[in-house]
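Asker: My questions will all concern the structure given below.
Taken together, the values in this text are just the output of simple stated rules run on the coordinates, not laboratory data. In this text, all values refer to a predicted model and were calculated from it rather than measured experimentally. Cβ: placed from backbone, ideal geometry, glycine included. Neighbour counts: every protein chain shown.
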Amino acid sequence: MGNSPIASKERILTIDIIRGFALFGIFLVNMPSFHSAIFMKQMHGYEPVYTGIDYWLDAFFTLFIDMKFFTIFSFLFGLGFYIFISRAEMKGLGATSLFVRRMIALLLFGLIHLIALWFGDILHTYALAGLFLLLFFKRKIMTMLIWAGSLLLVYNVFNLLTLLIPNSILEQIEVSTTIMESAVSEYVAVYQNAGYLEWVSYRLGAELPMILLNIIPAMLPVLAMFLIGLAVGKAGIFQDVSKHVQFLKKIRLITLLISIPLVALLALFTLGIIDWGIKQTYVILVLTSISSYPLCLFYISALTLLLRREVWQQRLRLLGYVGQMALTNYLFQTIISLAIFIGLGWYGSISLFMGTVICLVIFAGQIAFSKLWLKKFRFGPFEWLWRSVTYLKLQPMRKRRMG
């Protein structure tokens, strides 16, 4: 049989809409890093201090968005892996070699994105973690879930260990405010004034080492969510939601009941009602991470059940266009944001609120662009390139005209 990707009629609309929803949340979380020196502050152990509307907006992001949408996206990647491999096998294609090429291509996209544009790239992490999925495709669902749970346990226990470090040691290793302000000032100056090659050279020294040091820890929760998505794919839940309505309702209820106390506890620390001093930032990070998994699964199950209604499919269809072109839209979020903040000289001078407004405007533009593009073309431009490399054959881009 010929090498051909998933046809439009085979796409699962619910998955595309949830992917678009996740991409929106990821953009909201990434936006402060596009316009401010968040990376350098966090690398020195300092969280940004917000006031006024920015304070409440940051609190809302911490409680309901940070790490939750990235986690949804990871889940969908694992689900997409199952669909990709199973359909490749049904067509009699070499599923393993196809997927390996797919991940190598994604890794190249990620490395170019990471080096040439932005430190926050997730594609290289997805590509490396994705290769491990090949070890699990034939395994039992319970095996996948045990591995996922174990990876999340290891990752979060490791994070919890930071809370056991005595305050006196944390105070000793904490960088002085003067050093942090000097580093941030230099960072902002380079982003504002350097030419492109000088900017890239500076970033390779200032940002890349920390990214490389963190790559294995970063892969643990990603692979865990991949495996949960793979297990759900193998269970056939999204292939026929109507058969699994009761299961999804149970998941929705259980994850909501788990999320409520975790988010409430996170709120107490985030709003400073409970204060652990120098460990406050560490506690917030740990609780944000732990709360992200049940809340992510609540979002997915609730949205999946909501989308069983035709009226909601129509209302949220626009997110489906964005989700269908997720790779293109993800990369263009970086390109457009850097063009605005660095190109127009706005870097370091935008508030969290204004950054969020700009994010909403850009995403609205992406919705419109995705809808118009997919009227004429089968894939987004980067999806087309990705698929063409995967199948070692240029894929037909334009949609066939009917009649």
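Asker: Would you calculate, for the chain, the mean residue ellipticity at 222 nm contributed by helices, counting each DSSP H stretch of 4 or more residues as -39,500 (n - 2.57) and dividing by all residues, to the nearest 500?
Answerer: That calculation yields -24500 deg cm²/dmol at 222 nm.
Asker: Near the amide H of F377, under 5 Å away, which other amide H atoms are found, from residues 5 or more places off or on another chain, if H is placed in the peptide plane?
Answerer: K399
Asker: Using alpha-carbon positions, what is the distance between the centroids of the stretch 65-106 and the stretch 205-241, in Å?
Answerer: A separation of 11 Å, based on Cα centres.
Asker: Can you tell which of Y347, G20, F60 lies farthest toward the positive end of the dipole of the stretch 8-391, using +1 and -1 charges on the Cβ of basic and acidic side chains (Lys, Arg; Asp, Glu)?
Answerer: Among Y347, G20, F60, the one farthest towards the positive end of the dipole of the stretch 8-391 is G20.
Asker: Setting aside same-chain residues fewer than 8 positions from K371, which aspartates and glutamates have a Cα under 17 Å from its Cα?
Answerer: D16, E383
Asker: Which of the peptides 24-36, 217-229, 111-123 is most tightly packed, and how do the rest follow, going by the mean number of other Cβ atoms within 10 Å of each residue?
Answerer: Per-residue mean Cβ counts within 10 Å order the peptides as 217-229, 24-36, 111-123.
Asker: May I ask you to derive the FRET efficiency for L306 and L160 from their Cβ-Cβ distance with R0 = 51 Å, giving the value to the nearest 0.05?
Answerer: Computed FRET efficiency for L306 and L160 comes out at 0.90.
Asker: Let me ask something else about it. Give the peptides 52-63, 135-146 in descending order of average Cβ contacts within 10 Å, highest first.
Answerer: Output ranking for 52-63, 135-146: 52-63, 135-146.
Asker: Additional query: For the cross-link pairs K249/K375; K68/K249; K91/K138; K234/K399; K68/K91, which exceed 23 Å when the distance is taken from alpha carbon to alpha carbon?
Answerer: Pairs exceeding 23 Å: K249/K375; K234/K399; K68/K91.
Asker: Continuing with the same structure: Can you give me the C-alpha center-to-center distance between the stretch 319-360 and the stretch 292-317, rounded to a whole angstrom?
Answerer: Centre-to-centre (Cα) distance: 25 Å.
Asker: Continuing with this model, one more query. Can you spot the lysines whose alpha carbon is less than 20 Å from K279's alpha carbon? Ignore those fewer than 8 places along the same chain.
Answerer: Output for K279: K41.
Asker: Same structure again: Of the listed peptides 66-78, 341-353, what is their order by residue-averaged count of other C-beta atoms within 10 Å, with the highest listed first?
Answerer: Put in order of decreasing packing, that is 66-78, 341-353.
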